[in-house]
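All remarks here apply to the structure that follows.
The values are calculated or read from the model by the stated rules, or taken from the named source; none is laboratory data. None of these values were measured; they are calculated from a predicted model. Cβ sites come from the backbone with ideal geometry, for glycine too, and all protein chains shown count toward neighbours. Remember, those area values only see protein heavy atoms, side chains included, never the ligands or the DNA or RNA. Shrake-Rupley method; radii C 1.70, N 1.55, O 1.52, S 1.80 Å.
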Amino acid sequence: MSAGPATMAHPLPHAATPAGERYEGVIDLDKVREAHRPLYTARESITADGNTAAAIATLQMWRAVLYAGFPITPSTKWIETVAAHLASHPGGIKRVKLLEAEHAVADYLVGAAAACRDLVFPTATSSVGLDHMTETTRSLGASGLGNVMIIDVYRATANFPLCIEGDPSDTLAHRDDGFIQLAARGKQQIYDTILQAPCLGMHPSILTPTMPGFYGIKDSHRSARLEVEPDEEIHAFQDAWIQPCPLPGLINGDTAMGNCVTSRHFQGFKLAQRRRMEQVFDVLPRISDDFRRHFGRPGLAWFDEAGWPPDGAPDIAVVSMGPDFGTFEAVRSRYEATRGLRAAGIAMRLLTPFPREAVRQKLKRAHAILVVNQAHHQGRGHLTLDVADALSGLPDAPPVVAAFAGLGGADVSEATWEAMLDDAREVAGGEPVGPPRVYHEGAAL
């Protein structure tokens, strides 16, 4: 929304910045905020699948007014839910932009986010949809456009053969795009994570796009209860963290994006990109604490925890991610009782940047570590390599057992968890670590 045309007699006030002139008042954010039509005016408990929870979270943001998308299973219901809501509530300023391909969506996000750095521009995709965006996402990761949010509904990155089941191989294949990657499990966590993601990405010391994600089918298409917050409270929480961006956008200033620069400028830019990403470790816990104070639920985290003993030294420490960690939580106590040992685990929430120091401190006293990877990898597994790096340099680092389970979206059954834990138990008892093994339906293949 424009504040009105300037005239020669009354030009818009402007100020120089290192990125060009900035013209204040070209976009009247107060009018955008006032035009928001609330979905909820009080806290409510609802039943929803993961895609719907994600769509509600983005619809409740007054800063989100343009929803670009291209359908791909299992993320399609996100854009369908957004479009259905806007069609049934005509007359507002929010719009859906259905484009001809995923690459076009990513390019659209670039232009929209660069036009106004104070608004949020979300989309959702999966699998090869994210792959088709790669040329642009790798540029977006370095762009400083923290107001871009790509919701990745995890699905195996493969079209031959084609299957819609969810595993996290798509998001793990894009670890180096430069996005902040946040993994959620369960509908409440999906909703809460998406509400917090722009606060993190748009923080002035970070300015990095975010990629919250969750498992396709297991979480995207299965329903559960969750609490949704009143829009007004969400706005108050987000506005406390999202301050006006000092950099000019394409609408309120003369700036350019993507032009060639000198080698010296580029090398300094890449260093600054890394430094901005490192700031996540400082800012994320503060956003998390504020979210808990505001809404009474856990906020963002390095990882979820289950079963950690007071001395921090379980016999087996599990590292995994996603909803199948819930099955481990369900079998853990029984497994401890029948095997006479202590088992604990963490489910990763922050994938990129990987919280190396937090993982190191949590795992360093375990007798053995079982890392459960659920995506194809030519070596020991994405998470295994991260964990091994986190433990490097410890004088008595615990042995790391690499396992693969749930490939292609398969459920990781109780029997499979017990088989993996039994192999890790042998290593905790002094047996040597063997090569990575693949598990399915209670057996090592």
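Can you find a residue that is touching a Phe, Trp or Tyr at 6+ places or on another chain (Cβ under 9 Å), in a helix (DSSP H, G or I) and over 28 Å from Gln378 (Cα atoms) anywhere in region 200-220?
Yes.
What residue, among those in region 160-175 that are part of a helix (DSSP H, G or I), in contact (Cβ under 8 Å) with a residue 60 or more places away in the chain and not small (Gly, Ala, Ser), is most open to solvent (accessible area, probe 1.4 Å)?
Arg175
It is to be established whether one or more residues within region 251-262 are over 27 Å from Val32 (Cβ atoms) and open to solvent by less than 10 Å² (accessible area, probe 1.4 Å).
Checking region 251-262: not a single residue is over 27 Å from Val32 (Cβ atoms) and open to solvent by less than 10 Å² (accessible area, probe 1.4 Å).
Looking at region 264-370, what strands (runs of 3 or more DSSP E) fall wholly within it and have at least 3 residues that are among the β-branched types (Val, Ile, Thr) and in contact (Cβ under 8 Å) with a residue 12 or more places away in the chain?
The strands (runs of 3 or more DSSP E) meeting that bar are 316-320.
Would you check which residues across region 20-77 are in a strand (DSSP E or B) and surrounded by fewer than 17 Cβ atoms within 10 Å (Cβ to Cβ) and list them?
Of everything in region 20-77, those that are in a strand (DSSP E or B) and surrounded by fewer than 17 Cβ atoms within 10 Å (Cβ to Cβ) turn out to be Gly20, Glu21, Glu44, Ser45, Ile46, Thr47.
For the subset of region 410-427 comprising residues that are open to solvent by less than 10 Å² (accessible area, probe 1.4 Å) and not polar (S, T, N, Q), which member is nearest to Gln374 (Cα to Cα)?
Once the filter is applied, the top-ranked residue is Val412.
I need every pair where a residue in region 12-40 that is free of Cβ contacts under 8 Å to residues at least 12 places away in the same chain has its Cβ under 6 Å from the Cβ of a residue that is among the basic types (Lys, Arg) and crowded, with 16+ Cβ neighbours inside 10 Å, sequence separation at least 6 or different chains.
Filtered contacts from region 12-40: Ala15/Arg22.
If we keep just the residues of region 428-445 that are among the aliphatic types (A, V, I, L, M) and assigned to a strand (DSSP E or B), which is farthest from Asn373 (Cα to Cα)?
That would be Ala443.
Please tell me if Pro436 is open to solvent by 50 Å² or more (accessible area, probe 1.4 Å) and in contact with a strand residue (DSSP E or B) (Cβ under 8 Å, 6 or more places away or on another chain).
Judged against the criteria, Pro436 is a match.
What single numbered condition from (1) open to solvent by less than 10 Å² (accessible area, probe 1.4 Å); (2) part of a loop (DSSP other than H, G, I, E, B); (3) not small (Gly, Ala, Ser) fails to hold for Ile190?
All conditions pass for Ile190, except number (2).
Mind counting the residues in region 110-136 that are of a type outside the set (A, V, I, L, M, F, W, C), open to solvent by less than 20 Å² (accessible area, probe 1.4 Å), over 21 Å from Gln196 (Cβ atoms) and out of contact with any Ser or Thr (no Cβ under 6 Å at 6 or more places or on another chain)?
Total meeting the criteria: 2.
Could you please find all residues in region 109-119 being within 20 Å of the chain's Cα centre (by Cα) and part of a helix (DSSP H, G or I)?
Leu109, Val110, Ala113
List the residue pairs whose Cβ atoms are under 6 Å apart, where the first residue sits in region 433-445 and is modelled with pLDDT of 95 or more, the second is in a loop (DSSP other than H, G, I, E, B) and open to solvent by 70 Å² or more (accessible area, probe 1.4 Å), and the two are 6 or more positions apart or on different chains.
Matching pairs, first to second residue: Pro436/Arg380; Val438/Leu445.
Condition check ((1) in contact with a strand residue (DSSP E or B) (Cβ under 9 Å, 6 or more places away or on another chain); (2) closer than 30 Å to Ala57 by Cβ; (3) basic (Lys, Arg)) across all residues:
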| site | (1), (2), (3) |
| --- | --- |
| Glu232 | no, yes, no |
| Ala236 | no, yes, no |
| Asp239 | no, yes, no |
| Pro246 | yes, yes, no |
| Val261 | no, no, no |
| Gln267 | no, no, no |
| Met277 | yes, yes, no |
| Leu284 | yes, yes, no |
